[in-house]
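Taking it in order: structure first as structure tokens, then the write-up.
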Amino acid sequence: MIVGVDLRPALLSTTGVARAARQCYLALRDRPELTVRGFGASWARPRYGADLPDVVAPRLPGRLAAWMAPLGFSVETLMGRLDVFQHTDLVFPPVRRAAQVLFVHDLLFLGPSQGVASRVSTSGGAAASAAGAPREGAGRGWHDPGFAERVGPRLFARAAEAAAVVVPHTRVADDALRLGLVEPERLVVLPLGLDHVSPRPEPDDEQRVAAVMARAGLPRRSGDELLVLVPGTREPRKNQLALLHAFMRLPVGLGARLLLVGPAGWGCPELERVLLDRACLRDERGEARVAAAGEVSEPDLAALMRRADVVAYPSLAEGYGLPALEAMALGRAVLTSRGTPMGDLGGDAALCIDPTDPSSLERGLSELLRDASLRAVLSNAAPARVAGLTWASHAEGLSRVYQAVLA
């Protein structure tokens, strides 16, 4: 069976979607019953993934590809005959004959979901504002106005054509059914793997950590300083502004530093303003307590996670929450959100708080920074909690989906 996989996310960024696309591709290539090729055609030049084998990646504007589709252009034009094409993001290249399988990470951009997301969207008030609730004039799902209107119809149209829709968690499956994206018989839940990260330190970890912190403007850590790592794109539902405020209310004497890693996204003007106001983020010695490092490479991210004392991911809503779960696989103490996939999968091996409640967020962060024994308990319990989530299992499940849609 010949399978094409959309690898463009993995070639252009290191976000969670990108890391998932990369690891899915590598795991599928390990399946002996599959011949797997990568699709990377984009006008943007690849920034990552030079080590990925068998990738077709000519420079091609997406709009031109869409314009040529009625004339017969498709992924098969560049890749040859395919039995299945695996979509990995919300930008869909034209497919002519291959059976299509959609991987949908989340549907949060279409509006309020269940659990925390629905509570924030309807509660209003100071707590919701601090938690990053959709602001007046914003689009649905914490995106800018028009995003859902642009992307939603394309997603529903492609889902109607797809032989199967795969999602990473039952919460996303519930959303897909509630919104009418797909019927139950075409819907499959397959958790993402986490075994691409290893708790074993690499020889260059310290150099990587020092280089990232220096670029971000954080001082070198002494032996008793604590590092809080906040991974993820800066966007409203990630709740970084509420976390930053909670951190800044903690006593300076805790000796902690907070580092955000991930690209600047959208819809966070207040967060970006605070991050630029270096004076309000310094301690009594004039040294930075908080900084943003921007996007980092996968090896840098893994080194930072292994070095962090606490990984904080208090997102209001997620499809899976890969960064928090990666941190658990690495044996880190994780602060994350109840009523989300991270809380479901983390259980009592993570400290789960109410991300809509500033006092809950502050208490949780304070407990982890003050209590080394609590951090140790969580660090020891976390890897076993997520040990069953492997990319081999994910690829095996996808292979079964492919065989079923071709039967």
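The values are calculated or read from the model by the stated rules, or taken from the named source; none is laboratory data. Computed from a predicted structure; not experimentally measured. With ideal geometry, Cβ positions are generated from the backbone for all residues, glycine too; neighbour counts draw on all protein chains shown.
Summary table below
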item: Subset of the range 269-293 (residues that are in contact with a Gly (Cβ under 9 Å, 6 or more places away or on another chain) and either in contact (Cβ under 8 Å) with a residue 40 or more places away in the chain or not assigned by TED's automatic domain parsing to the domain that holds Ala327 (or both)); result: Arg278, Ala288, Ala291, Ala292, Ala293
item: Residue count, the range 333-364 (criterion: farther than 17 Å from Phe247 by Cβ and among the basic types (Lys, Arg)); result: 1
item: Of all residues in the range 345-364 being part of a helix (DSSP H, G or I) and within 21 Å of the chain's Cα centre (by Cα), the one that is surrounded by the fewest Cβ atoms within 10 Å (Cβ to Cβ); result: Gly347
item: Pairs with Cβ under 9 Å, 6+ apart, first in the range 240-251 and over 15 Å from Ala292 (Cα atoms), second in a helix (DSSP H, G or I) and among the acidic types (Asp, Glu); result: Ala246/Glu362; Arg249/Glu362; Leu250/Glu362
item: Residues of the range 35-57 satisfying the condition of being under 21 Å from Asp195 (Cα atoms) and touching a Phe, Trp or Tyr at 6+ places or on another chain (Cβ under 8 Å); result: Val36, Leu52
item: Residue that is buried (at least 20 other Cβ atoms within 10 Å of the Cβ) and at pLDDT 95 or above, where the choices are Leu374, Leu389, Leu406, Leu398; result: Leu398
item: Within the range 124-178, tally of residues that are under 30 Å from Arg249 (Cα atoms), at pLDDT 50 or above and either over 22 Å from the mean Cα position of the chain (by Cα) or part of a helix (DSSP H, G or I) (or both); result: 2
item: Positions within the range 39-71 being among the aliphatic types (A, V, I, L, M), in a loop (DSSP other than H, G, I, E, B) and under 20 Å from Phe85 (Cβ atoms), in sequence order; result: Ala41, Leu52, Ala57, Leu60
item: Sole residue being among the basic types (Lys, Arg) and surrounded by 15 or more Cβ atoms within 10 Å (Cβ to Cβ), chosen from Arg47, Arg63, Arg29; result: Arg29
item: Count of residues meeting criterion [under 25 Å from the mean Cα position of the chain (by Cα) and of a type in the set (D, E, K, R)] in the range 32-43; result: 1
item: Which listed residue is over 19 Å from the mean Cα position of the chain (by Cα), surrounded by 13 or more Cβ atoms within 10 Å (Cβ to Cβ) and modelled with pLDDT of 95 or more, from Val182, Val197; result: Val182
